[in-house]
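Please read the structure below before turning to the comments.
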Amino acid sequence: MVLQGFFSKGRGVKEDPAVSVFREYIRLKTVHPEPDYDGALKFLGRISEELGLPMKKIEVCPGRVVAIMTWTGTNPSLKSVLLNSHTDVVPVYQEQWKYDAFAAVKDAEGNIYGRGTQDMKCVTIQYIEAIRRLKAAGKRFPRTIHLTFVPDEEVGGHKGMESFINHPEFKKLNVGFALDEGLANPTEAFTVFYGERNPWWITIRCPGSPGHGSRFVENTAAEKLRRIINSFLAFREREKQRLDTSECFTLGDVTTVNMTMVHGGVAYNVIPAEMDVSFDLRIPPTVDLQEFEEQIKAWCAEAGEGITYEFAQKFMQQNTTSTEDNNPWWKAFSSTCKALNMTLEKEIFPAATDSRFIRAVGLPAIGFSPMNRTPILLHDHNEFLNEEVFLRGITVYERLLPVLTAVPAQSGEE
């Protein structure tokens, strides 16, 4: 692929304007627990004026706004192409970073450091800059393109895409196909995601006999808690073994289990009447979810009387997007990548993105961040993206969008 623009690697060469916009976006502190969403909306409003695209703002929950930019196609009755991205980023441990996580420092190798460089402010700006190039070239396409910028993805999406997907304004978008975030790939290949594991966040409550800390009290909460932990972590180890011993499995093909919180007790010398333990489970679409919950019930029953559980999150949809060669959307996507000499690796996404809400309403969605030769650093210290990889991604979208928006009308569209 031909890289466009100028690269600045400490040699005094002018920086590509798209890189400057990317770094400006990184500097906006849209970080939890108090994201600067107003700053992001102001930034996006300026971009919409530069592109000559109208931007609509939809408050889907109090204080939570989805911004929508629209490039209307020449045949707007056709289903649209949705380019989704989230504006929020996760917190940082600044003492673990070599640079300020919101300064967007670029080193001599062209690596741009900052929270959100991979997850997923890069993709947001790549969408925008690809459209800027296409509009500057006077291009028009049959299908409408909508760019959506949603809040709260990093805290589950409940006040973001999950609310928006059921909003009348989403239905007006008439979406036929969506692109959303993926992951970096440290090899020459690019990873694409056609489905996701279901996130289950569960808390197990273990009641027991209280008493003085000097006695051997029977039937304590801690004993039940230990049995629960043992059951969950034994299952975790079995799944890890499946992943480690299979040459064809990726992380998205197995269930991960991680104990994330333990609560209970009031004093050193008081045996508590209840103790809680919480787990983060990520379950692939190949697992029967009802059978899996029955297994959890069995672990609870085996651990002792009175144990209950509740879910903070329990996603039950297992829809995946077709990657068959006869699927028109996948054919358009994959053939364009092939023409760009890109090797694609198809996987189930190991974590959770807003794509799951899009697929849950029956719409095809591909998770894709065009970042190869890049270590996976989302949510990690010293998250970075090289400017050449970033600029190449713009070129990828510049080639993808004309093909996706020219997919022939499907049954029921005209």
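The values are calculated or read from the model by the stated rules, or taken from the named source; none is laboratory data. The structure displayed is predicted, hence computed values, not measured ones. Every residue, glycine among them, receives a Cβ derived from its backbone with ideal geometry; neighbour counts consider all protein chains shown.
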Subject >> All helices (runs of 4 or more DSSP H) inside region 114-207 with 3 or more residues being surrounded by fewer than 23 Cβ atoms within 10 Å (Cβ to Cβ) >> reply: 121-136, 168-172
Subject >> Residues satisfying the stated conditions in region 366-410, i.e. without any contact (Cβ under 8 Å) to a residue 40 or more places away in the chain and outside the structural domain of T74 (by TED's automatic domain parsing) >> reply: none
**OP:** Might you check whether a residue that is in a loop (DSSP other than H, G, I, E, B), at pLDDT below 95 and over 30 Å from S411 (Cβ atoms) occurs anywhere in region 317-339?
**Re:** no
Original post:
Quick one: how many residues across region 12-41 are loosely packed, with under 13 Cβ neighbours inside 10 Å and under 17 Å from T148 (Cβ atoms)?
Top reply: 0
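From E398, E387, grab the single residue that is surrounded by 19 or more Cβ atoms within 10 Å (Cβ to Cβ), over 26 Å from L78 (Cβ atoms) and among the charged types (D, E, K, R). Give the steps one after another, and end with the answer.
Numbers: E398 fails: over 26 Å from L78 (Cβ atoms).
After ruling out the rest, the residue left standing is E387.
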Subject >> Residues satisfying the stated conditions in region 294-335, i.e. loosely packed, with under 13 Cβ neighbours inside 10 Å, farther than 27 Å from G362 by Cα and in contact with a strand residue (DSSP E or B) (Cβ under 7 Å, 6 or more places away or on another chain) >> reply: T308, E310
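What number of residues in region 377-414 are farther than 18 Å from T124 by Cα, in contact with a Leu (Cβ under 8 Å, 6 or more places away or on another chain) and of a type in the set (A, V, I, L, M, F, W, C)?
Within region 377-414, the subset farther than 18 Å from T124 by Cα is 380-382, 403, 405-414.
Next, from what is left, pick out any that are in contact with a Leu (Cβ under 8 Å, 6 or more places away or on another chain): 409, 413-414.
Then keep just the ones that are of a type in the set (A, V, I, L, M, F, W, C); that gives 409.
Number satisfying all stated conditions: 1.
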